[in-house]
Amino acid sequence: MRSEYKDLRLCDLRHVKTSSGMALELVEALKSAFNNGEIRPTGKLTNRYSCSRLAVPNERGPMIWNGNLLSFAGYDEGDGRILGDPQNVSLTNAIIDLGWQPPPIRTQWDLLPIVTMAQGDEPVITELSEADFPIVRIRHPNHQLAFDKLGLRWTAAPALSRLGFTIGGVQYTATPFIGWFMDAEIGVRNLADSFRYNVLPDIVRSMGLAQGDLDALPDFERLALLSRAQLELNYAVTWSYAKAKVRIIDSLAASELFTSFDDEHLAEHGYRLPADPYWLAPPQGSIIPIWHRGASPNYQPKPMICHHTQDPIKAWKRESSGNNVSIPKTSSLSLQLTLRPNVRPSPRRVFINYCSSGTVAAKLARKLFKNLTHAAGSSPSIGTIMPVQILDSLTKARLEPEDVVVIVASNTRKGEMSLNGTAFLHAIQGGQFRISSSFAIFGNGSKDYADTFCQTAVDLERYLVSHGCSPLVVPMHADTVVENPPWTAFSQFGKQVIAALQGNPRETLVVHQETAKLLQTTKTPKLDTSKWIKAGVQELQRGESDTSMKLVGLDLRGHPYSSMSYISIFPPNDEAAVRSLLTSLKIGADERVQFAGNITAHDFFRFFADLQQPFRSLDWATDLAGVKRPQPPLDLAEMGARPACEVMARLPADWRYWASLENLCSAVPRIQPRKYSAASHPDYCNNNHSAARSAAAAAGVASNSSASVVELLVQHHAGGAFSDRFLSSKSPSSPAAAAAKTVACRVERLTHLEVLADAVQRPLILFATGSGLAPIRCLLQHRAHLLKLQSQSSSQNNGAGAGPQPQQRYAPISLFLGHRVEDEGLVQESLAEARALGLFDVLKVVRSNPQKRRAQDAVFDVDIDNGVEQQLAAKINSSGALVFVCAKAEAEEGFLANLTALLGRDAREALGERYVADVYQPAI
């Protein structure tokens, strides 16, 4: 029924009698027919038949499980989501039950193995190689980035296989054939059908045609957008296959070929050929579902291809059960229910969600998922534990009253909700999402930001309670200054949740008591200054202008720091303003403030008191305001609205008769610290500073630099307390004035980042923007220092006559970096030595540009053999690469989305603990 029928090639395989023999012959025949993409001409889009023995009475005949030899797996994620091709979920489960091990990182583009089953033989699994049948990446020449971000792919050719062939009264039960695709098969059906990959809404959003929920648009507008997306997808499919040199035909050409052939057939034979619109007409089924009710042929010609009357998988299960062959293993839950018939699983579902601009909350949520899943295995009454998702995903869930929602919440330093939780919060506030379930909230944050400590968790609790939800357990808040991540406190929270879900009040009470003890032991004083260091600040290098990023040296004066540390800095108040304030208050500079770690009044007001903000409380001034004086009495309402420094400047000389210094200082708001990542490795950096001191000494110049200097990269922000006002002030010209360049700081050790730096045998994929270069600069210095030590050790051994020593090879680094033009010099200085040492296998540096090209999109560059994206995917899937991101939230989310497109599944889920993100807010 096609013009290519004369070129149909038949491969007679009736002599093959075993399942393994079928697989061997089938793969070889498939490779020959595919012909490296130049698929040989066929009839009805078919090219090569592989016919095995015919069916006889009481025999099912040889069969192939796959409906298509080249197809993608479909994994049921257990929460209503399907990863991969929804059409192949049942087939995928059957092949897994048969013994197939999916890849360690499952994606939506995993080629299924083929399963062949000869008559009287057991089924055999055979893997297919992408080297023989490459997967075609779907790109668009005019919308390259939009399509790259979707990461669409498809198989190179259709190879229909769960079909029979009847000719001359003989039926053959295994007759797969391969042909080439028509564009609409992929662009209208496989990728676009709403019950398959359903990519059209994603294309609309990626191309910027519309944002948000398409269902909220009028039907005519939604139809126009989806039609435009389908048009571009079809074009992209045809263009991509042509670029990949894989044969394909467009819908118009296919239709014209058939109509010409049909007209010739009519003229020669007097009747037309049967036509099925499913195969011949370019469909719009992805948009208009009624198309699927199209017509059928009015008669069946012979010879013909037909569907089997029986399912090969069901046939195998019947045979194996009759022969006492064990088939699909019983799931662990089913086994437990068999052993404990009186225990019935709870219909309750436990949702675990997180919101965070970093990775701590995600790590905690995944840990809770493991613990709850383990507990539910022995106690089914707990319910079904749903996979971890971001908080915004809850708006799409249908929650029942018996369900439980557990939320792990972090907030920004300003107390704002993280981006992946704002949709949930807005839906609750606007009444668009109603929830009546129980909830449990764990908030984690830093008490350095006391005014906004765990604000997101507090807001969520308030909104949920006000909308009728009831807390499952008492919400818990943990301080990441005490422990980061806060595993100890979170462990207690997890015990509370499990005890409450099990309905064990006694256990819950014990856990509450343990938690109370924990909170008592980790409670911090009002102001603990014991870990704060007075450090000298020196500007080492700046970019091309005063607004450029600066390299700043911080002299810790003997205090050590470790690789990949955080440095928290209190931007100090002006020294002259502080001394004037002390004089006005009649407070001695050396007078001790007892509540604040016995520090001096000068140091408290200089380094810790935010004098530009109003008092947090005016309880200390109640008696003072009531005193009658010649001048107008103090107005508490007015005092509460003015900056603290103005209020204190107006206090009477004898104010301490009515108020104490400790109460006054307790009410003064604290300066919020600015956190910076160490931009230097201690050994590498201090060796350099030691060399500088030696050179200065040789020249007879005094140097006050100590052996513990940490370098910071500080991005300039106009009006920033540290990045602008403090660093822009004039450098001191005398030792007495050097105090003006002193800050209070604290070193925070990050063990999980130290592990990242020490993993020299594992490939690294790094992404940073702006001052996010700092920890990467530290990491590169660490790697350079290790190489230097190795070289020195080798030289010493060679000098001792030990012979040449083998050099340890370190895994390569892939770096994607974005920066402003004015920071070019500092960026190049940070990368120069690492580049010279050959530490990079991929280095993509993107400066700010008029085209708005972003560093996170450089993963799609193809100027390296096989493309950068293939290298990254191979590193993650095959080499166990670690991924580290240090950027703003928007850039981090963009990079993560691009990795998701490359991998074919959610990158954060796929990488798990291998993904580490340091998401920062502008440290002004």
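Data table
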quantity	calculated
Test: Thr175 is assigned to a loop (DSSP other than H, G, I, E, B) and of a type outside the set (Phe, Trp, Tyr)	yes
Selection from the stretch 415-434 of residues that are in a loop (DSSP other than H, G, I, E, B) and either within 23 Å of the chain's Cα centre (by Cα) or at pLDDT 85 or above (or both)	Gly415, Glu416, Ser418
Test: residue in the stretch 578-593 that is closer than 30 Å to Phe453 by Cβ and part of a loop (DSSP other than H, G, I, E, B)	yes
Test: residue in the stretch 435-451 that is in a helix (DSSP H, G or I), modelled with pLDDT of 75 or more, under 28 Å from Ile567 (Cβ atoms) and over 21 Å from the mean Cα position of the chain (by Cα)	yes
Subset tally (residues that are in contact with a helix residue (DSSP H, G or I) (Cβ under 9 Å, 6 or more places away or on another chain), farther than 13 Å from Val916 by Cα and not basic (Lys, Arg)) for the stretch 754-770	5
Any hit, the stretch 183-195, residues being closer than 24 Å to Ile39 by Cβ and assigned to a strand (DSSP E or B)	no
Residue list for the stretch 426-444, filter: in contact with an Asp or Glu (Cβ under 7 Å, 6 or more places away or on another chain) and under 30 Å from Arg670 (Cα atoms)	Ile441
Residues that are touching a residue at least 24 places away in the same chain (Cβ under 8 Å) and assigned to a helix (DSSP H, G or I), drawn from the stretch 808-842	Val821, Glu822, Asp823, Glu824, Gly825, Leu826, Val827, Glu829, Ser830, Leu831, Glu833, Ala834
Neighbours by Cβ (under 7 Å, 6+ apart or cross-chain): first from the stretch 360-373, of a type in the set (Phe, Trp, Tyr); second surrounded by 19 or more Cβ atoms within 10 Å (Cβ to Cβ)	Phe369/Ile352; Phe369/Ile385; Phe369/Val388
Val821, sole failed condition from (1) farther than 20 Å from Ala889 by Cα; (2) surrounded by 15 or more Cβ atoms within 10 Å (Cβ to Cβ); (3) hydrophobic (A, V, I, L, M, F, W, C); (4) touching a Ser or Thr at 6+ places or on another chain (Cβ under 8 Å)	(2)
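Residue-by-condition table, conditions (1) in contact (Cβ under 8 Å) with a residue 60 or more places away in the chain; (2) small (Gly, Ala, Ser):
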| site | (1), (2) |
| --- | --- |
| Val204 | no, no |
| Met207 | yes, no |
| Gly212 | no, yes |
| Glu221 | no, no |
| Leu225 | no, no |
| Gln230 | no, no |
| Leu233 | yes, no |
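Table: residues versus (1) surrounded by 16 or more Cβ atoms within 10 Å (Cβ to Cβ); (2) over 30 Å from the mean Cα position of the chain (by Cα).
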{"site": "Gln230", "(1), (2)": "yes, no"}
{"site": "Ser240", "(1), (2)": "yes, no"}
{"site": "Val246", "(1), (2)": "yes, yes"}
{"site": "Leu257", "(1), (2)": "no, yes"}
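So that you can scan it fast, the table gives a plain yes or no per residue for (1) more than 25 Å from Pro682 (Cβ to Cβ); (2) outside the structural domain of Gln856 (by TED's automatic domain parsing); (3) at pLDDT 90 or above:
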| position | (1), (2), (3) |
| --- | --- |
| Gln761 | no, no, no |
| Leu766 | no, no, yes |
| Gly770 | no, no, yes |
| Gln790 | no, no, no |
| Pro804 | yes, no, no |
| Phe816 | yes, no, yes |
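The values are calculated or read from the model by the stated rules, or taken from the named source; none is laboratory data. These numbers come from a predicted model, not from an experiment. Glycine also receives a Cβ, built like all others from the backbone with ideal geometry; neighbour counts cover every protein chain displayed.
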